[in-house]
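Heads up: the structure comes next, in structure tokens.
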Amino acid sequence: MGESSESVTALAGKHLFEALRSATFDVFLSSPYLTKDVASELASCAKTSSAQWRLLTCLNPVAIAGGFLSTSGLRELLHTGVTVRSVPRLHAKSYLVDLRFGLVGSANLTFAGLGLGTNSNAELSIVLDKSQVATARSELARWWDSSDAVDEAAISNAEATAAALPIATPVQIDPTVPDALTLQTEHLLAEARDPNRGLWIKAQYGTAHPDQWREPYWFSSPDKGRPSFKPGDLVLIYAKEAHGCYAIVEITESAVLDPGFVTKNSGGEDWIGKRWPWVNKTRPRLVPKELVVLTTSQLGVSPQALQGGHKRLTLGEFASAVRALSNQSQEGDSVQEG
């Protein structure tokens, strides 16, 4: 498609990945935003490809803090052998494969942008003809020559800058008004930049139970000493049987050693309270009305990292999870207490 004449499409992802899977010598991508799920798909293609892969992006701390640019996704691409560079003020979404395929338009390298998810953006892209592919390649090459290398040091520096961005002023959000989910998401992401807040992922045995997290609730931790959770920390809840995260809560109280409480509220089995005696109370922050499960691959977190029951997240990892959870939900389908 696109070898003899241009065409307009709302299915950017379909055409792009069809072309990527048959790439023979060169893949040249340009996008300021990148989500972990798309990065993983690209890395999977690159691993088995004989082509040289390049990504031009914008290593913008604001995009990292907002969950639009996944640093774990960038690292995965780098580990796969994709060369990544950054150019300031990049806005172009342009995807070129060999000399035969080109796609330009409004779609970023995100599931919503590429039309690969269940809650896709309204995007349009143009599939280029061969002469236009050459023109686009020349322009990207010019930007590439004046861009900066993206390596581990550059990513770490950008993450540190993102974490130091200003913190939001607390506001009350009415979940019944239009765009409440968007406002809530942006506020939650801004709060996550507070250096005094811990960002976590917490594993829970069993299947997902979103209803219990829509009200003030609790979780417990193993008998390995007082856990590091503190009031104000934000926690992604991971259900082991569902193999993914589906709720975000805020810690409201310091951990209390209370095996009797755990036993009483977990079916009356004494061994449960003895094994997980430390209790933290929570309140809901982002819990979609319909169950949405984000896998560890979407979050950029290894399942092995949760063997201890919980793990600290970077701002970029947490922001990517918030953005993904919000994007897969419908407007108004979440709650915020407080």
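The values are calculated or read from the model by the stated rules, or taken from the named source; none is laboratory data. These figures come from a predicted structure and were not determined experimentally. Reconstructed Cβ throughout: ideal geometry from the backbone, glycine too, with neighbour counts over all protein chains shown. To get the accessible areas, we keep the full protein, side chains included, count just its heavy atoms, and leave off ligands, DNA and RNA. Shrake-Rupley method; radii C 1.70, N 1.55, O 1.52, S 1.80 Å.
Here's the yes/no breakdown for (1) touching a strand residue (DSSP E or B) at 6+ places or on another chain (Cβ under 9 Å); (2) within 25 Å of residue 145 (Cα to Cα); (3) open to solvent by 10 Å² or more (accessible area, probe 1.4 Å):
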| residue | (1), (2), (3) |
| --- | --- |
| 13 | no, no, no |
| 25 | yes, yes, yes |
| 33 | yes, yes, yes |
| 37 | yes, no, yes |
| 40 | no, no, yes |
| 50 | no, yes, yes |
| 57 | yes, yes, no |
| 64 | no, yes, no |
| 69 | yes, yes, no |
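Somewhere in segment 287-297, is a residue outside any loop (DSSP other than H, G, I, E, B), open to solvent by 20 Å² or more (accessible area, probe 1.4 Å) and touching a residue at least 24 places away in the same chain (Cβ under 8 Å)? Break it down stepwise before answering.
Here is the first cut: in segment 287-297, the residues outside any loop (DSSP other than H, G, I, E, B) are 294-297.
Those still in the list that are open to solvent by 20 Å² or more (accessible area, probe 1.4 Å) too: 295, 297.
Applying the additional criterion that residues be touching a residue at least 24 places away in the same chain (Cβ under 8 Å) yields 295, 297.
Yes, because at least one residue in segment 287-297 is outside any loop (DSSP other than H, G, I, E, B), open to solvent by 20 Å² or more (accessible area, probe 1.4 Å) and touching a residue at least 24 places away in the same chain (Cβ under 8 Å).
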Open item on the list: Checking the structure you have, find out if any residue of segment 155-170 is within 23 Å of residue 197 (Cβ to Cβ), touching a His at 6+ places or on another chain (Cβ under 6 Å) and either open to solvent by less than 40 Å² (accessible area, probe 1.4 Å) or among the charged types (D, E, K, R) (or both).
Closed with: yes
TODO: Using the structure shown, decide if residue 138 is at pLDDT 95 or above, more than 25 Å from the chain's Cα centre (by Cα) and exposed (fewer than 12 other Cβ atoms within 10 Å of the Cβ).
DONE: yes
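Could you check segment 181-276 for strands (runs of 3 or more DSSP E) lying wholly inside it with 3 or more residues that are in contact (Cβ under 8 Å) with a residue 12 or more places away in the chain and of a type in the set (A, V, I, L, M, F, W, C)?
On the way: elements: 199-204, 217-221, 234-239, 244-251.
Hits in segment 181-276: 199-204, 234-239, 244-251.
Name the single residue, out of those in segment 114-125 being modelled with pLDDT of 90 or more and open to solvent by less than 50 Å² (accessible area, probe 1.4 Å), that is farthest from residue 63 (Cα to Cα).
First pass over segment 114-125, keeping only residues modelled with pLDDT of 90 or more: 114, 123-125.
Adding the requirement that they be open to solvent by less than 50 Å² (accessible area, probe 1.4 Å) leaves 114, 123, 125.
Values: 114: 18, 123: 20, 125: 22 Å.
Among residues in segment 114-125 that are modelled with pLDDT of 90 or more and open to solvent by less than 50 Å² (accessible area, probe 1.4 Å), the one farthest from residue 63 (Cα to Cα) is 125.
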TODO: Determine whether residue 282 is buried (at least 18 other Cβ atoms within 10 Å of the Cβ) and farther than 24 Å from residue 194 by Cα.
DONE: no
Open item on the list: Within segment 316-327, does at least one residue satisfy the condition of being in a loop (DSSP other than H, G, I, E, B), of a type outside the set (Lys, Arg) and touching a helix residue (DSSP H, G or I) at 6+ places or on another chain (Cβ under 8 Å)?
Closed with: no
Open item on the list: Just the residues that are modelled with pLDDT of 95 or more and aromatic (Phe, Trp, Tyr), please, taken from segment 90-113.
Closed with: 95, 101
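A quick yes/no check of all residues on (1) surrounded by fewer than 16 Cβ atoms within 10 Å (Cβ to Cβ); (2) farther than 16 Å from residue 306 by Cα:
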| residue | (1), (2) |
| --- | --- |
| 189 | no, yes |
| 245 | no, no |
| 254 | yes, yes |
| 257 | yes, yes |
| 261 | yes, yes |
| 267 | yes, yes |
- [ ] Scan segment 49-104 for residues that are of a type outside the set (D, E, K, R) and at positive phi and report the count.
- [x] 2
Task: Residue, modelled with the lowest pLDDT, within segment 207-243, restricted to residues that are buried (at least 18 other Cβ atoms within 10 Å of the Cβ) and of a type in the set (Val, Ile, Thr) - done: 237
Task: Members of segment 261-301 found to be of a type in the set (S, T, N, Q), touching a strand residue (DSSP E or B) at 6+ places or on another chain (Cβ under 7 Å) and modelled with pLDDT of 90 or more, listed by number - done: 280, 282
TODO: Select from segment 82-113 the residues that are within 21 Å of residue 326 (Cβ to Cβ), open to solvent by less than 30 Å² (accessible area, probe 1.4 Å) and assigned to a loop (DSSP other than H, G, I, E, B) and list them in ascending order.
DONE: 107, 108, 110
TODO: Tell me which of these residue 140 doesn't satisfy, since it passes every other one: (1) in contact (Cβ under 8 Å) with a residue 12 or more places away in the chain; (2) closer than 25 Å to residue 60 by Cα; (3) not in a helix (DSSP H, G or I).
DONE: (3)
